[in-house]
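The values are calculated or read from the model by the stated rules, or taken from the named source; none is laboratory data. Not measured: the values here are computed from a predicted model. With ideal geometry, Cβ positions are generated from the backbone for all residues, glycine too; neighbour counts draw on all protein chains shown.
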Amino acid sequence: MTITTILILLAAAIVLRVCMVWGKRRELLLAASVLALFWLQPAISIRGIHYWFPVFTLGLVILSWINLSSSEQKREKGNILVIVSLLIASLAMAATRYIGLSEYLMAGMPPTILNVLPGLLFLGLLLFLGNRYSKENGKGISLTFGFILFLFLILKIPQLSLWASQGLRLLNHQNAGMAGAYDLNWLGFSYIAFRLLHTIRDRQTGRLQPVSLMDYLIYVIFFPALPAGPIERIERFSSELSDQLALGADDFLMAGQRLAAGLFKKFVLADSLSLIALTDERIFQIQGSGWMWLSLIAYSFMIYFDFSGYTDIAIGLARILGINLPENFKRPYLQQNLSHFWNNWHITLTQWFRGYFFNPLTRKLRRDAKQLPAWLMILMPQVFTMLLIGLWHGVTWNFALWGLWHGVGSFVQNRWSDWSRRHAYFQFRGVAVINVCLTFLFVSLGWVFFLSHDVASIQQAFFVLLRGN
């Protein structure tokens, strides 16, 4: 996002906060989030997809809610009004091409109404059939879970994404030869998918409390957290929506401080560091070991200030609207080991994987694989969890290596910490500083895998970094 985009979102949040004084808080939040869903969607070279991705997002959220909800919830009168409102909003966004507003509300010209109507009717038919045949036996929930993972894989596996781009271009009578593996830039899908999967999994285990369609939509597409998280839990978010809206001067002061901090981190620190930060292209341009280390450290801080800056902005915007989003970063580069680093880096993502993969896998191994040695039962969950976190960023070999780097490193650190605690000579006063430096060094070296696109780049980077001149 640009600074202009953020300032417009800030102005919108303040206007919404003023309007909420007269009530209709949920309706205003849903309307603003739907509008932001279309407005923030990046431009795509495939004709019309920048319009359809937001529409598909809304349809996917409704489909998920249908499979999560009981028959009584689905019969509530307000649901029809919400769905009709979303249909009207989708048609209104398509109609902006005829009144000259599309350039202000979307990244490009939307499809014609004649092209939009069949698509919306088909989507409506799918939702109708999903509602008609959804059962409370779990089959519909499992199918929805699988469908979301299927979409995730298409967007994250470059070859599948390329094929999808080629197919969409052919449907739009465009040149399929111009397709690229990274054409399908679906706004916030990684975070949307994890919010949906979290609620689906909680429904399967019986932990999900009843939630209205409107609240569910607001939770998934809440515009401050839409582009870059954090990944809020629905129980906490719903309770924030239900709380009485009462913001004082301290709340606005806190929101202002977070916004100022976020803007400074992103547009001053991160953007300045990007001038010297290591990139895949610069790896072969840097010949000196010292410059390579400087460039790598600049990248380490750049990615932190960039990501945590966006999180500060999201938290500040949400606070103006009366929502307390969770923290996502807490001084991660000052932690003494990898476990503490991951407890303080992208916290909500780490907690998601811990709650829905690491802990269940650990319990299963302890219950069903008691013959395995203890060290292996520690190694497997750590490696598999970090591998999945890597693949969440993209199903490519470099992200897999980055995940394995952290998974194996976490296991080694776990074993070392367990051993060193039993030896007093490792408890001297300066050990904390050494641990912080070693952890930062390990994390920084891991960023080489994260930013590289081929084996040659990784080999070149490590060769220059470690040759010592």
Residue check, Ala277 outside any helix (DSSP H, G or I) and more than 23 Å from Phe237 (Cβ to Cβ)
yes
Selected residue (only one of Ala298, Ala260 is among the hydrophobic types (A, V, I, L, M, F, W, C), exposed (fewer than 15 other Cβ atoms within 10 Å of the Cβ), outside any loop (DSSP other than H, G, I, E, B) and without any contact (Cβ under 8 Å) to a residue 60 or more places away in the chain)
Ala260
Can you tell me how many residues in region 17-44 are in contact (Cβ under 8 Å) with a residue 24 or more places away in the chain, closer than 12 Å to Gly322 by Cβ and among the hydrophobic types (A, V, I, L, M, F, W, C)?
2
Ser238 passes all but one of (1) in the same structural domain as Leu86 (by TED's automatic domain parsing); (2) surrounded by fewer than 20 Cβ atoms within 10 Å (Cβ to Cβ); (3) among the polar types (S, T, N, Q); which number fails?
(1)
Sole exception among (1) over 20 Å from the mean Cα position of the chain (by Cα); (2) free of Cβ contacts under 8 Å to residues at least 60 places away in the same chain for Met214, by number:
(2)
All but one of (1) touching a Pro at 6+ places or on another chain (Cβ under 9 Å); (2) over 24 Å from Leu197 (Cα atoms); (3) in contact (Cβ under 8 Å) with a residue 60 or more places away in the chain hold for Gly78, so report the exception by its number.
(1)
Could you please let me know if Leu349 is crowded, with 17+ Cβ neighbours inside 10 Å, touching a residue at least 60 places away in the same chain (Cβ under 8 Å) and not in a loop (DSSP other than H, G, I, E, B)?
yes
Pair list, Cβ < 8 Å and 6+ apart or interchain, from region 101-114 residues that are in contact (Cβ under 8 Å) with a residue 60 or more places away in the chain and surrounded by 17 or more Cβ atoms within 10 Å (Cβ to Cβ) to residues that are of a type outside the set (A, V, I, L, M) and in a loop (DSSP other than H, G, I, E, B)
Met106/Gln41; Ala107/Gln41; Ala107/Pro42; Pro110/Gly48; Pro111/Arg47; Pro111/Gly48
Taking the conditions exactly as written (over 18 Å from Val61 (Cβ atoms) and surrounded by 15 or more Cβ atoms within 10 Å (Cβ to Cβ)), does Ala193 satisfy them or not?
no
